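The values are calculated or read from the model by the stated rules, or taken from the named source; none is laboratory data. Keep in mind it's a predicted model, so treat the numbers as computed, not measured. Cβ atoms come from the backbone with ideal geometry, glycine included; neighbour counts cover every protein chain shown. In case anyone asks, the SASA skips ligands and DNA or RNA and just uses the protein heavy atoms, side chains included. Shrake-Rupley method; radii C 1.70, N 1.55, O 1.52, S 1.80 Å.
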Amino acid sequence: IPFLYIADGHHRSAAAARVYQSRKGAGHSGQFLTVIFPHNQVQILAYNRVLKDFNGLSPAKLLEKLGAVFVIKSDGAAKPTRKHELGLFLGGKWHTLNFRPQFTATNDAIERLDVTLLQKYVLDPIFAVADQRTSKRINFVGGIRGTAELEKLVNSGEYACAFSLFPTSIEDLMTIADAG
């Protein structure tokens with residue numbers, strides 16, 4: 001097998017490598033459990049976001065700001081059907097958001113990812129979430145839980161809105177890995 005790509009479990013792999021190094025290969029430290037699938041048998045699920053607040057904006061002002069980044073269709077679908085399309089659950093209904101072409105016009109594979117575009121043009125400048133990993137105002141909801149979970153979290157009042165994302169493709173993952 002000329003190449004292996006880690007689609008999930010990169011932290012586990014890195015930890016296993018550190019154990020191997022610290023133990024200088026002693027015992028079974030040079031081994032860890034894994035499973036390998038052909039790329040055409042792998043499905044990556046969406047990794048959706050929920051936000052605690054609108055960063056001081058009214059819902060109308062939020063939609064106005066989002067309108068500069070997206071073409072917005074009210075009464076949209078919960079689940080995006082293609083790359084560069086997102087769902088926004090706000091005020092008890094779904095909106096379909098399509099990135100305006102100027103935001104997706106790049107040859108850089110990482111910069112073209114919906115998760116990168118969302119961070120760069122929405123989460124940081126509009127919601128003031130500079131680092132998704134450390135901010136207490138954003139959370140992640142795995143795609144296995146579905147868009148009904150996003151609706152439940154927002155309708156409970158715990159979160160103000162939710163973004164559903166189209167899953168990153170395995171081809172994009174491999175392109176980015178190949179680029180280093």
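Checking ALA109 against (1) closer than 20 Å to ALA46 by Cα; (2) of a type outside the set (Asp, Glu); (3) modelled with pLDDT of 95 or more, which single condition isn't satisfied?
(3)
Can you tell me which condition ALA46 does not meet? The list is (1) modelled with pLDDT under 95; (2) of a type in the set (A, V, I, L, M); (3) open to solvent by 20 Å² or more (accessible area, probe 1.4 Å); (4) closer than 18 Å to LEU165 by Cβ, and all the others hold.
With respect to (1) modelled with pLDDT under 95; (2) of a type in the set (A, V, I, L, M); (3) open to solvent by 20 Å² or more (accessible area, probe 1.4 Å); (4) closer than 18 Å to LEU165 by Cβ, ALA46 is out only on (3).
Can you tell me how many residues within segment 24-43 are of a type in the set (Gly, Ala, Ser) and open to solvent by 50 Å² or more (accessible area, probe 1.4 Å)?
Final tally of qualifying residues: 2.
Of everything in segment 70-103, what is within 18 Å of the chain's Cα centre (by Cα), over 19 Å from TYR47 (Cα atoms) and either open to solvent by less than 10 Å² (accessible area, probe 1.4 Å) or aliphatic (A, V, I, L, M) (or both)? Give them in sequence order.
The answer is PHE70, and nothing else.
Which residues, counting only those in segment 109-153, are among the hydroxyl-bearing types (Ser, Thr, Tyr) and either without any contact (Cβ under 8 Å) to a residue 12 or more places away in the chain or open to solvent by 70 Å² or more (accessible area, probe 1.4 Å) (or both)? Walk me through it before giving the result.
Taking segment 109-153 and keeping what is among the hydroxyl-bearing types (Ser, Thr, Tyr), we get 116, 121, 134-135, 147.
Correct list: THR116, THR134, SER135.
Residue check, LYS65 against (1) part of a loop (DSSP other than H, G, I, E, B); (2) open to solvent by 20 Å² or more (accessible area, probe 1.4 Å), all met but one. Which one?
Tallying (1) part of a loop (DSSP other than H, G, I, E, B); (2) open to solvent by 20 Å² or more (accessible area, probe 1.4 Å), LYS65 fails exactly one: (1).
Looking only at residues in segment 158-169 that are more than 14 Å from the chain's Cα centre (by Cα) and open to solvent by less than 60 Å² (accessible area, probe 1.4 Å), which one is nearest to THR116 (Cα to Cα)?
Ranking the candidates gives CYS161 first.
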